[in-house]
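The values are calculated or read from the model by the stated rules, or taken from the named source; none is laboratory data. Quantities reported herein were computed from a predicted structural model and do not represent experimental measurements. Cβ placement follows ideal geometry from the backbone for every residue including glycine, while neighbour counts extend to all protein chains displayed.
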Amino acid sequence: MEEKVADWLAAGTRMVLVVNPCATTVTVRTSEKVARTFSEEEVLDGGDLVSGWTLPVAGVFR
């Protein structure tokens with residue numbers, strides 16, 4: 001999976017979401033070195049890339 005994420009980022013994708021159903025987390029990658037993992041209790045957002053967009057992580061696993 002990490003190789004695919006690296007490929008997408010190298011191709012110009014500005015944000016990649018990696019869903020881990022076993023850990024019930026979503027990791028947001030915006031570069032090779034920048035990643036933030038959100039737990040089921042958190043809400044992720046699109047930041048500067050998708051202004052106003054939010055996603056409650058718990059909703060991903062329902």
- So PHE61 clears everything in (1) in contact (Cβ under 8 Å) with a residue 24 or more places away in the chain; (2) within 13 Å of the chain's Cα centre (by Cα) except one condition, right? Which one? (2)
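Return the residue satisfying two criteria in turn: it lies in the stretch 35-62 and is of a type in the set (Gly, Ala, Ser) and assigned to a helix (DSSP H, G or I), and of such residues it is surrounded by the fewest Cβ atoms within 10 Å (Cβ to Cβ).
Looking only at the stretch 35-62, we keep the residues that are of a type in the set (Gly, Ala, Ser), and these are 35, 39, 46-47, 51-52, 58-59.
Now restrict to residues that are assigned to a helix (DSSP H, G or I): 58-59.
Details: ALA58: 13, GLY59: 9.
Checking each candidate, the answer is GLY59.
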- Query: Does VAL5 satisfy the criteria of being surrounded by 10 or more Cβ atoms within 10 Å (Cβ to Cβ) and in a strand (DSSP E or B)?
  - Reply: no
- Residue count, the stretch 16-30, condition more than 14 Å from PHE61 (Cα to Cα), modelled with pLDDT of 95 or more and part of a loop (DSSP other than H, G, I, E, B), comes to 0
